[in-house]
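Since the structure comes first, as structure tokens, the remarks are kept for the end.
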């Protein structure tokens, strides 16, 4: 499982010109799922995401987590995080989970995050989405479940 976590001042996702998710200060998280991912792996990733201390404290140090700044989450499924670019110029996506598996884990992640974070907005699985954001810093972190073992 891969999360691309972007610390944002604001972010939104639109589908066919309609805004379906919008947050202020918080994280926009692009979520990629592979075949071997499980709810247990998702739980580890969620704990790491919510505990991530990348907001600045009063001294300008990245020392505060999402809850300390009353931050929000915008969660967006993105299978392209598992693009294989080793051969040729056209990426392959065989490492991305099948849609049924990926969607189930994406929905699980949303549900679990909503138990811990007051404002959780989302994109729509499988939709052609337009994501706009103001990256704060910029500050972007890539979290890969392979690194958590």
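Quick rundown of the values:
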read-out: Residue match in the range 89-99 (condition: crowded, with 16+ Cβ neighbours inside 10 Å and under 16 Å from residue 116 (Cβ atoms)); value: no
read-out: Subset of the range 12-24 [buried (at least 18 other Cβ atoms within 10 Å of the Cβ) and either within 16 Å of residue 117 (Cα to Cα) or at pLDDT below 95 (or both)]; value: 21, 23
read-out: Which numbered condition residue 141 fails, given (1) in contact with a strand residue (DSSP E or B) (Cβ under 9 Å, 6 or more places away or on another chain); (2) surrounded by 15 or more Cβ atoms within 10 Å (Cβ to Cβ); (3) more than 16 Å from residue 74 (Cβ to Cβ); value: (3)
read-out: In the range 13-54, the residues that are part of a loop (DSSP other than H, G, I, E, B) and over 11 Å from residue 145 (Cα atoms); value: 16, 17, 24, 25, 35, 52, 53, 54
read-out: Count - residues of the range 26-48 that are in contact with a helix residue (DSSP H, G or I) (Cβ under 8 Å, 6 or more places away or on another chain) and either crowded, with 18+ Cβ neighbours inside 10 Å or farther than 20 Å from residue 116 by Cα (or both); value: 14
read-out: Which numbered condition residue 138 fails, given (1) closer than 30 Å to residue 17 by Cβ; (2) modelled with pLDDT under 95; (3) assigned to a helix (DSSP H, G or I); value: (3)
read-out: The one condition in (1) in contact with a helix residue (DSSP H, G or I) (Cβ under 9 Å, 6 or more places away or on another chain); (2) in contact (Cβ under 8 Å) with a residue 24 or more places away in the chain; (3) surrounded by fewer than 20 Cβ atoms within 10 Å (Cβ to Cβ) that residue 133 fails to fulfil; value: (1)
read-out: Residues of the range 100-128 that turn out to be crowded, with 18+ Cβ neighbours inside 10 Å and outside any helix (DSSP H, G or I), as a count; value: 5
read-out: Selected residue (criterion: surrounded by the most Cβ atoms within 10 Å (Cβ to Cβ)) from residues of the range 55-86 that are in contact with a helix residue (DSSP H, G or I) (Cβ under 9 Å, 6 or more places away or on another chain) and part of a loop (DSSP other than H, G, I, E, B); value: 65
read-out: Per-region count, the range 33-61, residues touching a strand residue (DSSP E or B) at 6+ places or on another chain (Cβ under 9 Å) and on the phi > 0 side of the Ramachandran plot; value: 0
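The values are calculated or read from the model by the stated rules, or taken from the named source; none is laboratory data. Just so you know, these numbers come straight off a predicted model, no measurement behind them. Quick reminder, even Gly has a Cβ in these numbers, built from the backbone with ideal geometry, and neighbours come from all protein chains shown.
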